[in-house]
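A short reminder: the numbers here are calculations on the coordinates, not readings from a lab. Here the structure is a predicted model, which is why all the values come from computation and not from measurement. We place every Cβ from the backbone using ideal geometry, glycine too, and count neighbours over all the protein chains shown.
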């Protein structure tokens, strides 16, 4: 299948005249950046052309002549023009039909600062041209459409209203243009906003499926209810001590053994606010016997049944149970079984 791409001018100066260009010399690399050069930071370029091979001072080996049938000469000026086409068609064995066009296109795509890789990535006053690549653009549209489908499926089928409010906290923290205020959004209004985001930024919705999101939600809930304080992206204890300048630092703080009791306190406060603490039975003056082990287990189960593995580990730490006994447990069910087994 024949494949061509086209260079389109957006700067009126170059719609009728050519843009002269020579590859840039890099002091760091000690060579010209032609798209055929060697960059030690990119292992895949290790077999590319040396400076002497580019300039013709050294003849190419047979292998390199096959790999680089057209060599971009750094001292030769290249004139790019509006509407210029590049034939990127390949033979069945993968070799290019037009090696010169492929080499010049790679130079434009990788090293020409004045060219945007596509129209949607064009930056006014920085880029003078963009590359019109119908195949690439179709692939990108299909990729984004697939992501949008998965994101919408996640919102519609996998999330409860409470779950939608939880991820809205995360999105409000990570996206400047998504400002979530719980008191101003009904469930249907929030779902509508999230479905719109599935179309414009599906990748951000899908990031909320990643395993670390539950910890992000926990931290943001602490801040939402004032258990910890948030100023911008910084988080503080209720006494004003800095916990971290982003979510990752706060989560690191929470994992530190020295902070186990503090985190346990946060857990209890949050559980109380959200109504997850078991209700204490009214004292019966005629019943003075101690609570039975079964009753204790039932109360404990009600307290911990909805916790995730991280919260269960923190609970075990708050009880001063030996870490060697529970540090290797990775499932919530096994951790709950372990904790219930400690009740006497």
Residue exposure sequence - 262, 89, 34 - by fewest surrounding Cβ within 10 Å: 89, 262, 34
Separation in nanometres of the label points that stand 7 Å from Cα toward Cβ, at residue 18 and residue 193: 5.4 nm
Prolate/oblate/rounded label for the range 293-341 (Cα gyration tensor, a/c 1.5): prolate
C-alpha long axis of helix 213-224 to longest principal axis of the chain, angle in °: 60 degrees
Footprinting exposure proxy for 266, 113, 326 (fewest neighbouring C-beta atoms within 10 Å first): 113, 326, 266
Cα gyration tensor category, rounded, prolate or oblate, for the range 4-135 with a/c compared to 1.5: prolate
Gained length - residue 153 relative to residue 29, 0.36 nm times residue gap less alpha-carbon distance: 39.9 nm
Potential lengthening between residue 209 and residue 73 on full extension [0.36 nm per residue; Cα-Cα distance subtracted]: 44.1 nm
Sites residue 268 and residue 179 - FRET efficiency at Förster radius 41 Å, r taken between beta-carbons, to 0.05: 0.85
Nearest-0.05 FRET efficiency for residue 276 and residue 241, computed from C-beta distance (R0 35 Å): 0.85
FRET efficiency estimate (nearest 0.05) - Cβ-Cβ, residue 4 to residue 52, R0 35 angstrom: 0.55
Angle between the chain longest axis and helix 99-111 axis [Cα atoms, degrees, rounded to 10]: 50 degrees
C-alpha center-to-center spacing [the range 1-75, the range 114-183] in angstrom: 33 Å
Percent RCO, i.e. relative contact order, over the chain, from Cα pairs under 8 Å lying at least 6 residues apart: 11 percent
Simple spin-label estimate for residue 295 and residue 100 in nanometres, 7 Å along Cα-Cβ: 9.3 nm
In nm, spacing of pseudo-spin labels at residue 109 and residue 308 (7 Å Cα→C-beta vector): 3.9 nm
Order of 127, 37 under a 10 Å beta carbon neighbour criterion, fewest first: 127, 37
Structure-based [θ]222 nm, the chain - -39500 (n - 2.57) summed over DSSP H runs of at least 4, per residue, nearest 500: -13000 deg cm²/dmol
